[in-house]
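These notes concern the structure reproduced below.
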Amino acid sequence: KGLLFDTGGYNIKTSMMELMKFDCGGAAAVLGAARAVGDMQPEGVEAHFIVAACENMISGRAVVPSDVLTASNGKTIEVLNTDAEGRLTLADALVYADKELGCESIIELSTLTGACMISLGKKICGVWTDDDDLAKSLEDVSKVTGDKSWRMPLAKEYNELLKSKIADISNLGGPYGGAITAALFLQNFVSKKKPFAHLDIAGPVWDDKTGATGFGSKLVSEWVRRQGQ
């Protein structure tokens, strides 16, 4: 996720807007990993680094609540809240990685929800995946790199909260379990049989005392390196 600045759009933020330059933290981690992997040049693995970069601003062309968007895989999405914008950009990025590039496995990093910060605080990222092998490999890498992570539930019954009367899905769940419904939303844009993990790094990418932490770069770099072994 590469939101270079996130005002919230027409559902404008009422707090923390001055920090919203960190909403590109997922993209920063991916680009940092790309540089590290380029320097290491690990054998036996081909890696693609994808950044969906944009801003979320108010303008005459901006998305408004009640708009219906069509993702690149044909899924229609009802926009209930313009501040749930990151998942809209990630939808097309994931389709690109899955369908256009044909990646064998996909990991995605994003500062996606405040709900994950409430669950895990500011030192640990959440991991959502249906693939036990991928979950284990990320857990192992997390321990080695120090980028702390915790596997979270991908509760399919919460898909009910994403239903829309006018589109295939909506971009917002209910008032509770927001980090889970965000992860479930993303599942609609990757083939069900493909190993895919969503990492919500909203908490640990920013330290109030020192600023950006670079969280995730080491985790991604080491995970890619191990794919060639």
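The values are calculated or read from the model by the stated rules, or taken from the named source; none is laboratory data. Since we're looking at a predicted model, the values are computed, not measured. With ideal geometry, Cβ positions are generated from the backbone for all residues, glycine too; neighbour counts draw on all protein chains shown. The accessibility values were calculated without ligands, DNA or RNA, using every heavy atom of the protein model including side chains. Shrake-Rupley method; radii C 1.70, N 1.55, O 1.52, S 1.80 Å.
Points worth noting:
- Tally of residues being over 14 Å from the mean Cα position of the chain (by Cα) and over 21 Å from THR14 (Cα atoms) across segment 71-120: 19
- The set of residues in segment 36-58 that are within 21 Å of ASP147 (Cβ to Cβ) and within 20 Å of the chain's Cα centre (by Cα) comprises ALA47, HIS48, PHE49, ILE50, VAL51.
- Search result, residues across segment 117-139 that are open to solvent by less than 10 Å² (accessible area, probe 1.4 Å) and closer than 15 Å to LEU186 by Cα: GLY126, VAL127, TRP128, THR129
- Checking ALA62, ALA47, ALA34, ALA84 one by one, the residue that is open to solvent by less than 60 Å² (accessible area, probe 1.4 Å) and part of a helix (DSSP H, G or I) is ALA34 and no other.
- If you filter segment 183-208 down to residues that are among the small types (Gly, Ala, Ser) and closer than 12 Å to GLY126 by Cα, you find that the one that is farthest from the chain's Cα centre (by Cα) is GLY203.
- Residue match in segment 141-148 (condition: within 21 Å of GLY25 (Cα to Cα) and within 15 Å of the chain's Cα centre (by Cα)): no
- For segment 15-24, the count of residues that are of a type in the set (Asp, Glu) and within 26 Å of LEU161 (Cβ to Cβ) is nonzero.
- The set of residues in segment 1-33 being under 16 Å from TRP206 (Cβ atoms), in contact with an Asp or Glu (Cβ under 6 Å, 6 or more places away or on another chain) and not aromatic (Phe, Trp, Tyr) consists of LEU3, LEU4, ASP6, MET20, ASP23.
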